[in-house]
1. Given N residues in the chain, what is Rg(Cα) / (2.2 N^0.38 Å)?
2. Residues in region 331-369 near a label at residue 27, defined as backbone nitrogen under 18 Å from the 7 Å Cα→Cβ point?
3. Relative contact order of region 618-675, please, whole-number percent, based on alpha carbon pairs below 8 angstrom and at least 6 residues apart.
4. Under the Kirkwood approximation applied to all pairs of distinct alpha-carbon atoms, what is the hydrodynamic radius of region 618-675 in Å?
5. In square angstrom, what is the accessible area per residue of the chain with a 1.4 angstrom probe?
6. Could you tell me the distance between the Cα centroids of region 126-159 and region 203-261, to the nearest Å?
7. Enter the Cα centre distance for the pair region 574-652 and region 358-433, rounded to the nearest angstrom.
8. Taking R0 as 51 Å, what FRET efficiency do you get between residue 644 and residue 13 from their Cβ-Cβ distance, rounded to the nearest 0.05?
Amino acid sequence: MNNPSHKRPTGLNEFYFGAPYYPEHWDKSFVEKDAKLMKEASFNLVRLAEFAWDLMEPSEGNFDFSVFDNAIATLGKEGVQSMLCTPTATPPRWLTIKHPEMLRIDKDGIVQQHGSRQHACHSSKIFREYSKKITKAMAEHYATNPNVVGWQTDNEFFCHFSECHCPNCQVSFRKFLKNKYGTIEELNQRWGTAFWALTYSNFDEIETPKEFKPTYPNPAAMLDYQRFLSHDLVKFQHDQTEILREANSNWWITHNGLFGCIDYRDLCKDLDFLSYDVYPFFAKTRVRMQTNSFNLDRTRAWTGNFMIPEHQSGPGGQPPYFHDNPEPGEVRLYSYNAVARGADSILYFRWRTALFGSEQYWCGILDHDNIPRRRYDEIKQIGKELRIVGKELLGTSVKFDVAIAYADTDVTSSHNIYSLGLPSPYGVAESIHNVLYNKNFEVGCIHPSDDLSDLKVIFIPHWTVFKQEWIENLKEFADNGGIVVVGARTATRNTDNNIIPETIPGIFSELCGITINEYGRQNDNENRPLCLDINLVNVRTDLWYEEMVCNDDKTEVIASWKNRHLKNKSGITFRKADSGNGGFMYVGTYLTPPIITALLPKIQALSGLTNKDLPKGVSQIIRENSDTQYRFVLNSNYDAVNMNEVTGGLDLLSGETKDGAWMLEGNGVCIFKEGK
Ligand code: GAL
Ligand code: ZN
């Protein structure tokens, strides 16, 4: 996949609808009845085998695919096709006994145990060899099976933790560094090893850095280590995708994210599209609708539209917790929120709730006793609806005009390594998203190097690492009328994760028309509060202040500090672009909800950005192509809402025309199709 873009379609020809299915957990006799029930629910896809290596290769080199062959054929007869997974998240016991040296080692030096999952190291050559063998055996076995249409690599790489410090990783990390720096002198200089006598005389002396062993490691070494984790993971996945593509070039291949330390842009180079697993009920209250919306929007920021191979269908439960049971209509509501925000396919986790194992309370569509109840009926209704509208949505992308910068692993890692106790760019992106979501702006997430042409505003939430090569795109955006809102501390660190020697904000100074004279952390807000005067309203800041100097007469001060030694000093500025009407707003504090809320009228006035007036808890999202728009209207209240003020039309889901004094039921959804 080249040139990832937030607008990129998955390229799927079918809107897939179904569930992860585990025939290995049930008697063979279940499959036939399952297939019939799936057909009745309009399923056209199941996902299989991600944890079934022990079954498919019960002893080394002896393969047995009969359980899946039977399931794939029986389901296929009912029109339900299959996507398979490489089963490498759970290597079998014979392999970990034979090669204990492939087990991951955590930062405390503890060797991970066979007994749950994700215990093998991706840098281990031995593990890579076995991963290739099982992938090849599966790929060859299924290459000509017409019911197998695509693949997922592994399952949620790094979903439990990212690090490994085993001997394989030491070797591979050194190789990675040698390739990157060439000479040890270069590494010493770029890492700044003069600090705390870290100087190395050759690459073999270097170890993977660990936090608090005994204290803070070198930040440049840490960033390279996290890049290395992603780099080796990409290679591990590449082994598999190469084999799969060679076996059958018509298969699509995906992987389900999003977790720490993985550069999904890099990982997706070997994939057709990215996938994301949706579990809104980890949030305990109705705030879950906004969290869910942010998660879907940030997924799209990586490479565009996506698949959902696992969507919550019942309450999730693992030993220490048990989620709320989704109320009637709630799964449907979240499903359409996902589709509205770029899902091109959706599978529900899981078909039937397991009777054993560590996820025996992770409730699926069917309960433990295999009796279809309201959850099945609701999925069936969604299936029926998506059979009509799903396919027509393929090829459309989500419309938004205000964006928050997201989707850069270096930015996130750099922050996590050196946070100063401040919220992460990711956390701030979510806060900005919440404010805009609740005010009914058409908001999305985007990488600053992506196509910004549909936007009016982009927020840069404290990207301390900001690459020179992304600047031109922002400049062009501002020249064309766009407003860039730059949060404090942006561009203050280089890509080695060290501080820039120039006066901050470095590469943003000229565009923003300012330099920072002084900055500080706010640790005692009770006794030493600070306020900014934004449009005659005093807004408290709690985290950070910057005092800026305007360097150019095009720079206008938007807000000044009110107290302490900062009184009357500039805190927020705006500089118009050299050509055109856009420009750069620099905010010398953290982009917290009160600051964003206070600044919005000014941002709107500068950019022409508008929002919708919708009843509380109702949201509206548009998917579109060049001539048609699909307007999703979702009611996230538990009760019906009067939609008097909201434009109706012919609802594709119910087939009814909604207009005049129409009502939308609690958890209700409509899709209106309109010409552009
Ligand atoms: C996902 C994972 C599944 C299952 C599910 C419920 O993150 O991919 O295998 O564990 O969560 O916990
Ligand atoms: Zn390792």
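1. Relative to the rule-of-thumb radius for its length, the chain sits at 1.00.
2. 352-356, 367-369
3. Across region 618-675, relative contact order equals 40 percent.
4. 11.5
5. I get 39 Å² per residue for the chain.
6. 19
7. Here the answer is 20 Å between Cα centres.
8. Given R0 = 51 Å and the Cβ-Cβ separation, E is 0.80.
The values are calculated or read from the model by the stated rules, or taken from the named source; none is laboratory data. This structure is a prediction, so every number in the text was calculated from the model and none was measured. As a convention, Cβ positions derive from the backbone with ideal geometry for all residues, glycine included, and neighbour counts pool all protein chains shown. Note: accessible area is taken over every heavy atom of the protein model, side chains too, but ligands, DNA and RNA are not part of it. Shrake-Rupley method; radii C 1.70, N 1.55, O 1.52, S 1.80 Å.
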